[in-house]
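Heads up, the thing below is written out as structure tokens.
The values are calculated or read from the model by the stated rules, or taken from the named source; none is laboratory data. Small disclaimer: the values here were computed from a predicted structure and weren't measured. Cβ: placed from backbone, ideal geometry, glycine included. Neighbour counts: every protein chain shown. Just so you know, the surface numbers come from the protein's heavy atoms only, side chains and all, with ligands and any DNA or RNA stripped out. Shrake-Rupley method; radii C 1.70, N 1.55, O 1.52, S 1.80 Å.
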Amino acid sequence: MASQTSQSTPNSVQNSSDPLYLHPSDHPSMLLVSKQFDGSNFGSWKKAITIALSAKNKLGFMNGKVIKPSSNHNSFDSWQRCNDMVMSWILNVLSSDIAESVLYSSTAGDIWKDLDDRFGQSNGAKLYQLNKEISDLSQGSNDLATYFTKLKKNWDELNALSIVPNCTCNAAQQMQEFQQNQRLIKFLMGLNGDYNSVRSNILMMKPLPTVAQAYALLIQDEKQR
């Protein structure tokens, strides 16, 4: 992508697949995500803003794939306009104090790196935090849907952090099945006593269902009651 960008011409930015293209509806005050980042939950905010920028074909301004051309290159003005637009989008979804701290960054990539350096936890610390939250989580006063959603969110974030090599061998499939069963047991252990009967029925099933299948059975039981 970088080599293509360096060859862009004023005409090529009319192509919507070019990262230097701006749609007529794009404007500096646009809010790409609904939640402002205030210094907490950086992982989920980062994921949301990454998806939004990817949909806009502007993620290259964050990860360095869209290289800044020299000031005398014919694509420099287009690059500068897009970079400023992306910077505005990011600043719009930062709390005022955090936005002020990165306001004088020269590129969107600089803002991204600054935020990641300050708020992005190391994988080890984040893995520990997620596993502890999962271990401590139980239904308590939450309804079934809220409990399941909290647990699934932590598992999804854990999956994103865990680097597992691609493999179609039997050992990999067995490991996946083991992890699936462990998560099912954790989910069932955290349920309130109201679900003792259906929980016992689920544990008697062979093979054991997935967490999603178990959740569907529990919801069905809840509606019947």
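Just a few scattered comments:
- Picking from residues in the range 39-84 that are touching a residue at least 60 places away in the same chain (Cβ under 8 Å) and crowded, with 19+ Cβ neighbours inside 10 Å, the one that is nearest to GLU157 (Cα to Cα) is VAL66.
- Test result for SER141, at pLDDT 90 or above, part of a helix (DSSP H, G or I), among the hydroxyl-bearing types (Ser, Thr, Tyr) and loosely packed, with under 15 Cβ neighbours inside 10 Å: no
Conditions (1) in a loop (DSSP other than H, G, I, E, B); (2) modelled with pLDDT under 90, marked per residue:
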| residue | (1), (2) |
| --- | --- |
| ILE134 | no, no |
| PHE148 | no, no |
| TRP155 | no, no |
| THR168 | yes, yes |
| ALA172 | no, yes |
| GLN176 | no, yes |
| ARG183 | no, no |
| PHE187 | no, no |
| SER197 | no, no |
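- Each residue in the range 35-67 was checked for being within 14 Å of ILE111 (Cβ to Cβ) and in a loop (DSSP other than H, G, I, E, B), and 3 pass.
- Of all the listed residues (ASN181, ASN170, ASN154, ASN196), the sole one being over 18 Å from the mean Cα position of the chain (by Cα) and open to solvent by less than 70 Å² (accessible area, probe 1.4 Å) is ASN181.
- Residues of the range 93-133 satisfying the condition of being open to solvent by 50 Å² or more (accessible area, probe 1.4 Å) and among the polar types (S, T, N, Q): SER96, SER101, SER106, GLN121, SER122, ASN123, GLN129, ASN131
- Checked against the criterion of being of a type in the set (Lys, Arg), open to solvent by 60 Å² or more (accessible area, probe 1.4 Å), over 20 Å from the mean Cα position of the chain (by Cα) and modelled with pLDDT under 90, the candidates LYS223, LYS206 yield just one match: LYS223.
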